[in-house]
């Protein structure tokens, strides 16, 4: 029988370190234990939430239900061709450890996603991305268990409906499936994506160009501008970079020639949310014990035992101020509970 904990603290299980509790908490170590929990009549009619690394969520109150915190780990090569390998990874593996494993095995595709916090199981939910790469480009399929029935279901990459920082697991099927493992297609003959951010500039510090130096460059860039969640509690980028029409972009660039942006296609342009927030003077802004990070305006931080409500109120202030100044809507990347 799997251990169940009542009135369990989640403070050390969310990267904002918000001090909240859940009615029930379990940490199943196998598919059988997950199904045991799901099929337990005790939990049949109460809310359930799957917790991964806790790095992309903000709790604004105690959770009235059951937190399931899967502990399924393991990395294994399942298939191989001349050009690619299929790698199965347990949902509880730490994402950056998997990236390090891939780079050390000279397998390309996710090196630009180095140092992103969280677990492998959360990567398809968010369709995590950085420096010109999105995880959807490497995901082959996703193994899940339906929370209402305990039945396994496999989602192909197309079934996941990936979009910018989005997937079917974040929308239509939100809180309906537990991801147990993810299959990735990694390349034995990787092509490098280096034209985003400061990667090329950072690479000048290395003699050779390879997966390891790209990973080191990304880590150096991220560590220079992003706070360590262990020292300054945060959830990484709180806001998505907004996508606007080319017409709207022209209006803005005429008014703000130094605005940072990234072309998507002939009709749409992605704006740098961090630039928008910084430009209106909110970098370093605080509200109660919540703050906008002094070096990266996309990141909200817990300055000293902030509540989830304080952090959310600051996020709303940033969102509303950006809209009133630029007529551009910012969406939250972080999940709010």
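The values are calculated or read from the model by the stated rules, or taken from the named source; none is laboratory data. Quantities reported herein were computed from a predicted structural model and do not represent experimental measurements. Cβ: placed from backbone, ideal geometry, glycine included. Neighbour counts: every protein chain shown.
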Residue 164 passes all but one of the listed conditions (1) in contact with a strand residue (DSSP E or B) (Cβ under 8 Å, 6 or more places away or on another chain); (2) surrounded by fewer than 17 Cβ atoms within 10 Å (Cβ to Cβ); (3) closer than 23 Å to residue 221 by Cα; (4) at pLDDT 95 or above; the exception is number (4)
Do you know which residues across region 57-101 are in the same structural domain as residue 184 (by TED's automatic domain parsing), part of a strand (DSSP E or B) and within 17 Å of the chain's Cα centre (by Cα)?
89, 90, 94
If residue 282 satisfies every condition in (1) more than 20 Å from residue 55 (Cα to Cα); (2) not in a loop (DSSP other than H, G, I, E, B) but one, which is the exception?
(2)
All but one of (1) buried (at least 17 other Cβ atoms within 10 Å of the Cβ); (2) more than 28 Å from residue 96 (Cα to Cα) hold for residue 320; state the number of the condition that does not hold.
(1)
Tally, over region 177-201, of residues that are surrounded by fewer than 15 Cβ atoms within 10 Å (Cβ to Cβ) and modelled with pLDDT of 95 or more:
1
For the condition outside the structural domain of residue 91 (by TED's automatic domain parsing) and under 21 Å from residue 330 (Cα atoms), what is the one hit in 168, 253?
253
Take region 72-97 and flag every residue that is in contact (Cβ under 8 Å) with a residue 24 or more places away in the chain and in contact with a helix residue (DSSP H, G or I) (Cβ under 9 Å, 6 or more places away or on another chain).
72, 75, 87, 89, 90, 91, 92, 93, 94, 95
Restricting attention to region 281-288, does a residue exist that is touching a residue at least 12 places away in the same chain (Cβ under 8 Å) and within 18 Å of the chain's Cα centre (by Cα)?
no
How many residues does region 289-317 contain that are surrounded by fewer than 23 Cβ atoms within 10 Å (Cβ to Cβ), over 21 Å from residue 223 (Cα atoms) and modelled with pLDDT of 95 or more?
10
Identify the single condition in (1) closer than 16 Å to residue 115 by Cβ; (2) free of Cβ contacts under 8 Å to residues at least 40 places away in the same chain; (3) assigned by TED's automatic domain parsing to the domain that holds residue 90; (4) within 20 Å of the chain's Cα centre (by Cα) that residue 202 does not satisfy, given that it satisfies every other one.
(4)
Helices (runs of 4 or more DSSP H) wholly inside region 190-258 containing at least 1 residues that are out of contact with any strand residue (DSSP E or B) (no Cβ under 8 Å at 6 or more places or on another chain) and under 16 Å from residue 133 (Cα atoms):
199-203, 211-225
